[in-house]
Amino acid sequence: TTQLLRLDSVQQTTQLFGSTACSQSNPLRGMAREPWAWWRSLGSPATVCAPMVDQSERAFRLLVRRHGCDLCYTPMLHADLVVRDAAYRRDHVPDDACAEDRPLIAQLGGGDPATLAAAAREIAARGGCDAIDVNLGCPQACARR
């Protein structure tokens with residue numbers, strides 16, 4: 001189940017994703033109170049490959065995992081493209097087809113809260129990552145295109 005990082009409270013989760021986010025069956029409900037339990041559920045990763053613009057695709061992630069990396073990030077996914085472009089989703093948003101590429105955190109960037117929330121829902125629906133990291137300002141010029 002995909003979980004979202006960096007939400008400090010159930011209240012923030014509700015504000016971003018609506019009241020259904022606080023239902024008893026939603027895995028986000030306990031995130032703010034149980035971050036270490038979530039981390040342990042990922043296998044307590046000790047080595048992490050941070051997201052790199054245009055470099056963190058699946059082939060690279062599988063290579064670094066072979067050399068001992070426990071947790072990887074996707075390259076930054078552009079929220080507006082995730083929401084409006086099916087071809088972009090197909091080519092860039094991870095799906096559940098590669099069990100060897102887990103645990104995986106999808107990095108999502110954008111400037112509009114509603115678009116970020118919609119993109120996060122799209123990413124979660126594909127089932128290919130364990131968390132979504134929201135990047136609110138990448139200094140790399142190539143990430144701003």
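The values are calculated or read from the model by the stated rules, or taken from the named source; none is laboratory data. Quick caveat: nothing in here was measured; it's all calculated off a predicted structure. When we count neighbours, we look across all protein chains shown, and the Cβ atoms used for this are built from the backbone with ideal geometry, even at glycine. Remember, those area values only see protein heavy atoms, side chains included, never the ligands or the DNA or RNA. Shrake-Rupley method; radii C 1.70, N 1.55, O 1.52, S 1.80 Å.
Regarding ARG58, is this residue within 30 Å of GLU34 (Cβ to Cβ), in contact with a helix residue (DSSP H, G or I) (Cβ under 7 Å, 6 or more places away or on another chain) and of a type in the set (D, E, K, R)?
yes
Test of understanding: among VAL53, VAL82, which residue is touching a helix residue (DSSP H, G or I) at 6+ places or on another chain (Cβ under 9 Å) and touching a residue at least 60 places away in the same chain (Cβ under 8 Å)?
Of the residues listed, the single one that is touching a helix residue (DSSP H, G or I) at 6+ places or on another chain (Cβ under 9 Å) and touching a residue at least 60 places away in the same chain (Cβ under 8 Å) is VAL53.
Just checking, which of ARG144, ARG121 is surrounded by fewer than 20 Cβ atoms within 10 Å (Cβ to Cβ), farther than 24 Å from PRO45 by Cβ and at pLDDT below 90?
Being surrounded by fewer than 20 Cβ atoms within 10 Å (Cβ to Cβ), farther than 24 Å from PRO45 by Cβ and at pLDDT below 90 holds for just one of ARG144, ARG121, which is ARG144.
Quick one: how many residues across the stretch 53-81 are open to solvent by less than 70 Å² (accessible area, probe 1.4 Å) and in a loop (DSSP other than H, G, I, E, B)?
8
Select, from ALA37, ALA87, the only residue that is in a helix (DSSP H, G or I), modelled with pLDDT of 95 or more and over 23 Å from LEU136 (Cα atoms).
Exactly one residue qualifies, and that residue is ALA87.
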